1. One quarter of the convex hull surface, Cα atoms only: what value does that give for the stretch 2-135 in nm²?
2. Please compute the modelled spin-label separation between V93 and R109, points set 7 Å along Cα→Cβ, answer in nm with one decimal.
3. Charges on Cβ only, +1 for Lys and Arg, -1 for Asp and Glu, centred on the Cα centroid of the stretch 2-135; of A73, V42, Q59, which one is farthest towards the dipole's positive end?
4. V24 to L126: FRET efficiency via 1/(1 + (r/R0)^6), r the Cβ-Cβ distance, R0 30 Å, to the nearest 0.05?
5. Between E71 and E133, what FRET efficiency comes out of the Förster formula 1/(1 + (r/R0)^6) with R0 = 25 Å and r the beta carbon distance, rounded to 0.05?
6. Output the relative contact order of the stretch 1-131, whole-number percent, from Cα pairs under 8 angstrom with separation of 6+ residues.
7. Using alpha carbons only, how many degrees (0 to 90, rounded to 10) separate the axis of helix 56-66 from the longest principal axis of the chain?
Amino acid sequence: MTLTDTGPLVALLNRRDPHHANCVAATSRLDAGPLLTTWPCVTEAMYLLDRANGERGPQTLWEMISKEMVELAELPLEVMVRMQDLMEKYINVPMDLADASLVAVAEARGLKQVFTLDGDFRIYRLADGSSLEVIP
């Protein structure tokens with residue numbers, strides 16, 4: 001299971017995306033299993049896919065979720081509180097809700113990698129001071 005940001009979700013489903021080929025190639029190097037993401041990332045992806053592909057883009061993402069190719073991480077209260085803390089800590093970057101959800105889920109699940117196109121993940125630090133390995 002690989003923690004996955006909005007950018008790769010959009011790039012994988014939109015052949016016109018400039019990162020499409022790179023993200024498709026990167027999937028061969030990912031851990032087996034579904035792509036793990038969060039509702040804030042899915043919300044962003046649905047919006048961007050709709051703008052790029054019309055109704056077919058979001059529908060394809062829904063299909064991936066229903067076929068368990070994409071899994072949505074739960075965001076219990078303690079994770080949401082951590083998201084708020086992270087957004088306050090990185091207010092000058094700034095850290096958005098989707099990024100905060102991924103960092104908080106990584107901490108909660110002990111994950112050390114993120115599939116993202118967002119360079120801000122090279123700045124963010126987990127609670128133990130380590131950083132996530134960015135794929136691709």
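1. 7.8
2. 1.8
3. Highest projection toward the positive end goes to Q59.
4. Taking R0 as 30 Å, the efficiency between V24 and L126 is 0.60.
5. 0.80
6. In percent, rounded to a whole number, it is 31.
7. 60
Computed from the coordinates by the stated procedures, all read-outs in this text should not be read as laboratory data. Remember, predicted model here, so these are calculated numbers, not experimental data. Reconstructed Cβ throughout: ideal geometry from the backbone, glycine too, with neighbour counts over all protein chains shown.
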